[in-house]
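What follows is calculated from the coordinates using simple rules that are stated; it is not laboratory data. These figures come from a predicted structure and were not determined experimentally. Please note: Cβ atoms are built from the backbone with ideal geometry, for glycine as well, and neighbour counts cover all protein chains shown.
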Amino acid sequence: MTNYIIRFLYLFIIFCIIYVMYAFVVNYYFLKDGHIDYDIYLKNFIQVVSKDNYFMNYGYWDTADTLLKANTALIHLILTKSGVQGKKHMNVLDVGCGYGEQDFNWMPLLDVTNRLTAVDISDTQIAFAKEKCKTVGESRLFFDQCDAMLLNKKFAKNSFHTVLSVESAFHYSDRPQFFQAVCDVLKENGTFVICDIILHENYKPGLWNGLFLRVFSDFLKIPSCNLIKTNEWETTIKDSGLEIVECIDITDKTFKPYYHNFFHKYMEHYGMPSSIASRIYDFFVYVQPFSYVVAVCKKPVV
């Protein structure tokens, strides 16, 4: 009983510290009109631990030992799962492209006859990507601003052979609508590959867990409607008309190694003791309520 009380108090103190940091630092400095200002977030967080890194994902920490390597490994995993490499005359769509870093990495891996269109709702990030595209002179890569849930309003039905979504769908206010839009713009027998964040299978509602869930979902900007587990998430994909041919859970190769690397590098950068990083890492790993999944889907031939 004594050990339980000590552990509870330890977690409560850590939680209070992190909540204060979140409430008074993150909300004040990194939010604009209720949304994360990714330019500031990138400069003050991501690029502090990984210089000149424009990726916005947790990364795939299979063999990677740096954030940049993990970021690159994740997007390579998604491209490999799509099966688009080696194929000619493929029309590919990347939804939620951010600064376009994955798209610039994908282009050399695609056949010269392929075309890649990348969209994001952020005009700032799209402007950045377009400018970089001009600089590198990539004529097969196109960036455009678009709401992911309205893909079928911007693009004609049956337009793309492949649609990719890297760690962005959990932000959307209507994820089922996004899945339906993806199905609409995909050609028959087309492939949709997504990596997404959902509620962990072992998550159990309760006062303590509910408090942590609220903080984590607010920090990651996950609407309450997206706080669902695997079965319900898969059902929303299937209801759109897509078929799931593969679904894998890579949670252990995303959150844990990411938090370990990030907190230790961040504290090291500011000359703070690694013991602080270890305590914050322990807290995040112990209470974080999410799973990280990758799904490969197909649009059936009618």
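If I filter the range 186-196 for residues that are in a helix (DSSP H, G or I) and either in contact with a Cys (Cβ under 6 Å, 6 or more places away or on another chain) or acidic (D, E) (or both), do I get at least one hit? No.
Going through the range 254-302 one residue at a time, which ones are in a helix (DSSP H, G or I) and of a type in the set (K, R)?
Keep residues of the range 254-302 that are in a helix (DSSP H, G or I), which gives 255-269, 274-287.
Answer for the range 254-302, where residues must be in a helix (DSSP H, G or I) and of a type in the set (K, R): K256, K265, R279.
Of the residues in the range 246-262, none is of a type in the set (K, R), more than 30 Å from K69 (Cα to Cα) and either out of contact with any helix residue (DSSP H, G or I) (no Cβ under 8 Å at 6 or more places or on another chain) or crowded, with 19+ Cβ neighbours inside 10 Å (or both). Sort out which residues of the range 285-302 are in contact with a Phe, Trp or Tyr (Cβ under 8 Å, 6 or more places away or on another chain) and not hydrophobic (A, V, I, L, M, F, W, C), and write them in order of number. Matches in the range 285-302: Q288, P289, Y292, K298, K299. Residues that are within 26 Å of D147 (Cα to Cα) and over 17 Å from the mean Cα position of the chain (by Cα) within the range 55-79 are absent altogether.
List the strands (runs of 3 or more DSSP E) inside the range 87-182, counting only whole elements, that have at least 2 residues being surrounded by fewer than 19 Cβ atoms within 10 Å (Cβ to Cβ) and touching a helix residue (DSSP H, G or I) at 6+ places or on another chain (Cβ under 9 Å).
Details: elements: 91-95, 115-120, 141-145, 160-166.
In the range 87-182, 141-145 are the strands (runs of 3 or more DSSP E) which contain 2 or more residues that are surrounded by fewer than 19 Cβ atoms within 10 Å (Cβ to Cβ) and touching a helix residue (DSSP H, G or I) at 6+ places or on another chain (Cβ under 9 Å).
For first residues located in the range 45-63 and touching a residue at least 40 places away in the same chain (Cβ under 8 Å) and under 19 Å from H269 (Cα atoms), partners that are in a loop (DSSP other than H, G, I, E, B) and hydroxyl-bearing (S, T, Y) and lie 6+ apart or on another chain with Cβ distances below 6 Å form the pairs Y54/Y99.
Restricting the range 223-245 to residues that are over 23 Å from K81 (Cβ atoms) and touching a residue at least 12 places away in the same chain (Cβ under 8 Å), which is surrounded by the fewest Cβ atoms within 10 Å (Cβ to Cβ)? Per the criteria, the residue is C225.
Could you go through the range 164-171 and let me know if any residue there is among the β-branched types (V, I, T), within 15 Å of the chain's Cα centre (by Cα) and closer than 30 Å to L110 by Cβ. Before the answer, list the steps.
We begin by selecting, within the range 164-171, every residue among the β-branched types (V, I, T); these are 166.
Right, trim to within 15 Å of the chain's Cα centre (by Cα) and you get 166.
Subsequent filtering for residues that are closer than 30 Å to L110 by Cβ retains 166.
Yes, that holds for at least one residue.
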